[in-house]
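Q: Quick one: the structure is below, and I'll ask about it shortly.
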Amino acid sequence: MSEIILHLTSGSGPEECRWVVAQLAVAFAREAKEAGVTCECVESHDGLPSSLLLRISGEGAAAFVSGRAGTILWKGTSPFRPHHKRRNWFVGVSIAPEADAMVDLRDEDIDYQAMRASGPGGQHVNKTDSAVRATHRPTGLVTTAQDQRSQHANRKLAKLKLAMVIEARRTHTEAQGRQAEWIVHKQLERGNPVRVYAGPDFTWRHG
């Protein structure tokens, strides 16, 4: 069975774009069900996430993802500023890199540290030391994961996050050190959307 991780980001957009990220996750889950594939959030999040990871799995995962990676446009009135003139709000959707396939992300270069989960988290966060902090020694980059059901799964997620940051830093060589961390969330190309949604019910506009 295929499994693909999608990264949804509001870029440097305002809270409306973060709202679109949350709504898009719901829309993708609805569309995935209709397509016969599974779509689930990898991590818990608040109401206005600037970034989300979605796990798409099933035999039709690749086909489902193919038409959704890129810039997504939502057309509508701001749910927070009803008198705002802007009606086009952009978010980005990209396929996360395959961590195990990255030659510059070797397990022997990563230090994993178990820690206790913090914050409200999702329903699967427990009181055990299942959360994981991953440190990539060659770069000094650090990521954490705590929302998966086991320490093994959190190790896998923490490594995926490292892969995303390393890939972002490779793509944007001018960024150094910790500056690369926010590139994962801020990078977004506006215009030429691959899909357009509209209205408060987040209806997909065909064509």
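Values quoted throughout were computed directly from the atomic coordinates according to the rules given, and no laboratory measurement underlies them. Here the structure is a predicted model, which is why all the values come from computation and not from measurement. As a convention, Cβ positions derive from the backbone with ideal geometry for all residues, glycine included, and neighbour counts pool all protein chains shown.
Q: Lys/Arg Cβ at +1, Asp/Glu Cβ at -1, dipole of segment 1-128 taken about the Cα centre: which of H83, A99, Q113 is farthest positive-ward?
A: Value computed over the given set: H83.
Q: How much net charge surrounds A99 when only the other residues with a Cβ under 15 Å from the Cβ of A99 are counted, with Lys and Arg +1 and Asp and Glu -1?
A: Here the charged neighbours net out to 0.
Q: Of all chymotrypsin sites (Phe, Trp or Tyr not before Pro) in segment 73-122, which ones are in loop regions per DSSP and have a Cβ with at most 14 other Cβ atoms within 10 Å?
A: Those satisfying the criteria are F80.
Q: Further question on the same structure: Based on the alpha carbon coordinates of segment 1-132, what radius of gyration and maximum Cα-Cα distance (Dmax) apply, in Å?
A: Cα only, segment 1-132: 17.0, 54 Å (Rg, Dmax).
Q: Express in whole angstrom the spacing between the alpha-carbon centres of segment 1-29 and segment 151-166.
A: Answer, in whole Å: 19.
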